[in-house]
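Data first, discussion second: the structure below is written as structure tokens.
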Amino acid sequence: MADQYARPSDAAALSAVSPLRWEEPPEGPVIVLLDQRRLPAEEVELVCTDVPALVDAIQTLAVRGAPLLGVAGAYGVALAAVRGFDVEEAAEMLARARPTAVNLAYGVARVRDAHRAAVRKGGGDGRAAAAAALAEARAVHREDAEASARMAEHGVALLEELLPGGGYRILTHCNTGALVSGGQGTAFAVAGALHGAGRLRRLWVDETRPLLQGARLTAYEAARAGMAYTVLTDSAAGSLFAAGEVDAVLVGADRIAADGSVANKVGSYPLAVLARYHHIPFVVVAPSTTVDLGSEGGADIEVEQRPGHEVTEIPVPPQAAGAGTGAGVPVAPLGAQAYNPAFDITPPELMTAIVTENGVVSPVTKAGLAELCDRSRSGNGMMSI
């Protein structure tokens with residue numbers, strides 16, 4: 001069993017949500033995660049001392065969200081380097097942990113490449129290479145926080161252009177706040193900036209079946225921020241549109257193909273269809289690291305298939321089930337098969353805009369997205385693994 005253990009979180013440290021950090025206790029460096037499986041009932045930290053523990057945390061969604069997975073992957077490679085484990089093997093394990101989230105492979109590749117370069121330059125000096133890996137991981141973390149702030153600025157400016165007047169009623173899906181980012185998030189960061197300016201009238205929060213990331217996590221962050229918010233079942237979104245209660249839809253992304261097709265939490269595509277029919281802006285907010293120019297279109301994006309029990313059972317949180325990740329209460333007949341894709345693909349023609357830290361693409365086109373990515377590559381570059 002990988003070395004991973006939970007501990008109660010420090011309430012003071014969580015005055016601002018901190019989903020991931022690097023620590024160096026006397027017994028050796030660790031990656032500390034806020035265990036998102038236990039939210040909102042408990043704020044418990046998960047301590048990972050090796051890469052298999054981190055991979056397990058990623059696959060079981062203790063840590064999740066495309067930008068934060070990039071940060072987690074970066075620190076995971078650094079952890080292997082600093083603790084003297086096989087860095088190449090660690091990079092491979094981490095990059096495979098969740099195939100759709102391109103940020104994970106991006107963060108892994110950046111730190112792996114920094115480690116390789118330092119090994120070559122230092123003639124095999126392991127300490128210097130480990131230090132270079134950790135420095136690069138910290139850079140990935142810092143850059144993600146900076147990108148979050150810029151996305152919020154661009155997103156607010158876009159909404160003010162599209163919908164002058166303020167008092168916005170925003171519908172969002174899944175969780176896109178500080179729990180998925182080194183900063184304040186992606187789509188949720190835009191809503192947060194509107195709230196801070198007194199211009200958010202209501203945040204509509206899709207519950208996001210089957211794992212309820214909206215009801216559990218977005219509502220948790222909205223409550224902490226003092227937002228006016230309402231949770232709804234995913235299937236109720238259509239009635240909100242029909243009643244004229246939605247001004248814009250803001251979602252994140254796990255991977256954006258070269259043509260602008262977006263893979264995001266399953267349920268995003270139906271919202272885009274509804275938004276188009278009701279003439280409501282549908283806006284994707286994601287850092288440029290989420291863009292994968294190696295994927296030509298949506299058909300090239302591998303969509304992760306999750307276990308069927310997530311659909312056929314109502315999840316019971318770990319704190320209610322005792323040790324482990326929690327049991328489930330069956331809601332379907334024993335042996336029922338379930339279709340459970342983690343993501344769906346929204347084509348570019350259904351989007352109003354894609355907002356990144358480098359600006360806004362609207363309308364969403366292959367040429368526009370490529371131009372935006374050129375600006376990113378002039379900075380820290382885009383890598384593949």
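The values are calculated or read from the model by the stated rules, or taken from the named source; none is laboratory data. Just so it is clear, the model here is predicted, and its values are computed rather than measured. Note that we place each Cβ from the backbone using ideal geometry, even for glycine, and neighbour counts take in every protein chain shown.
Quick rundown of the values:
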read-out	value
Candidate set: the stretch 255-276, residues that are of a type in the set (Val, Ile, Thr) and in contact with a strand residue (DSSP E or B) (Cβ under 7 Å, 6 or more places away or on another chain); chosen: the one surrounded by the fewest Cβ atoms within 10 Å (Cβ to Cβ)	Val266
Hey, Met93 in contact (Cβ under 8 Å) with a residue 12 or more places away in the chain, over 23 Å from Thr176 (Cβ atoms) and either surrounded by fewer than 18 Cβ atoms within 10 Å (Cβ to Cβ) or not β-branched (Val, Ile, Thr) (or both) or not	yes
The listed residue being in contact with a Ser or Thr (Cβ under 6 Å, 6 or more places away or on another chain) and either without any contact (Cβ under 8 Å) to a residue 24 or more places away in the chain or not assigned by TED's automatic domain parsing to the domain that holds Lys366 (or both), out of Ala332, Ala272, Ala336	Ala332
Residue among Gly252, Gly226, Gly297 that is modelled with pLDDT of 95 or more and crowded, with 20+ Cβ neighbours inside 10 Å	Gly252
For Gln213: the one exception among (1) buried (at least 21 other Cβ atoms within 10 Å of the Cβ); (2) free of Cβ contacts under 8 Å to residues at least 60 places away in the same chain; (3) within 28 Å of Gly328 (Cα to Cα)	(2)
Filtered residues of the stretch 238-277 (kept if hydrophobic (A, V, I, L, M, F, W, C), closer than 21 Å to Val180 by Cβ and outside any loop (DSSP other than H, G, I, E, B))	Ala248, Val249, Leu250, Val251, Ile256, Ala257, Val262, Ala263, Leu271, Ala272
Breaking point among (1) crowded, with 17+ Cβ neighbours inside 10 Å; (2) in a strand (DSSP E or B); (3) among the charged types (D, E, K, R), for Arg201	(1)
